[in-house]
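*Asks:* Pasting a structure here, questions to come.
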Amino acid sequence: MVERQASAETTLPPEFRAAVGWTRFPAQIAARSEGGPCGQAPRQTVASRIDPAVELSPGRWRFNGCIYAEGTSFTKVFIEISFPDGTKLRSPVADKTPPDKEYSYEVVVLRADVLGATAQLYAVNP
């Protein structure tokens, strides 16, 4: 588990600037709602969801997430969590995800408040 500080200045990692085939997709911050991949609708080919943050101690918040891709693997997966004040946090979450299997991860954010956070994932699709 790595703790990360949100910042107003974030950039894509160098591998994304040079990579062909990278993609960006939303990661819904919500409780499980259905019985499909990552607690989303069944029969989704790509799913990503993050549990609502849990405060571990004052100013330390843990986000547990999940990503699923049917029949493929993503490499160099990063999460970007954006906050209403304009700060963002980018953190690696996986070097490679398994095909046809949910991949779980966690990110700890050092921040007074995480209310209103949104998230998306960046990944390279080989």
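Laboratory data are not the source of any read-out in this text; all were calculated from the coordinates shown. Since we're looking at a predicted model, the values are computed, not measured. So basically every Cβ, Gly included, is an ideal-geometry build from the backbone, and we count neighbours across all protein chains shown.
*Asks:* Where does each of Val107, Val54, Val124 land when they are ranked from fewest to most other beta-carbon atoms within 10 angstrom? Don't skip to the answer; put the middle values down first.
*Replies:* Values: Val107 23, Val54 13, Val124 18.
Fewest-to-most Cβ neighbours within 10 Å comes out as Val54, Val124, Val107.
*Asks:* Something else: Of the peptides 113-121, 73-81, 43-51, how do they stack up when ordered by the mean number of other Cβ atoms within 10 Å, highest first? Show your work: numbers first, answer last.
*Replies:* Values: 113-121: 16.1, 73-81: 21.0, 43-51: 18.2.
Packing proxy ranking, top to bottom: 73-81, 43-51, 113-121.
*Asks:* Starting from the 7 Å offset along Cα-to-Cβ, what nm value, one decimal, do you get for the label separation of Asn64 and Asp113?
*Replies:* With each label placed 7 Å out from Cα toward Cβ, I get 2.6 nm.
*Asks:* Let me ask another. Given R₀ = 30 Å, FRET efficiency for Glu34-Asn125 by Cβ-Cβ distance, to 0.05?
*Replies:* My answer for the efficiency is 0.75.
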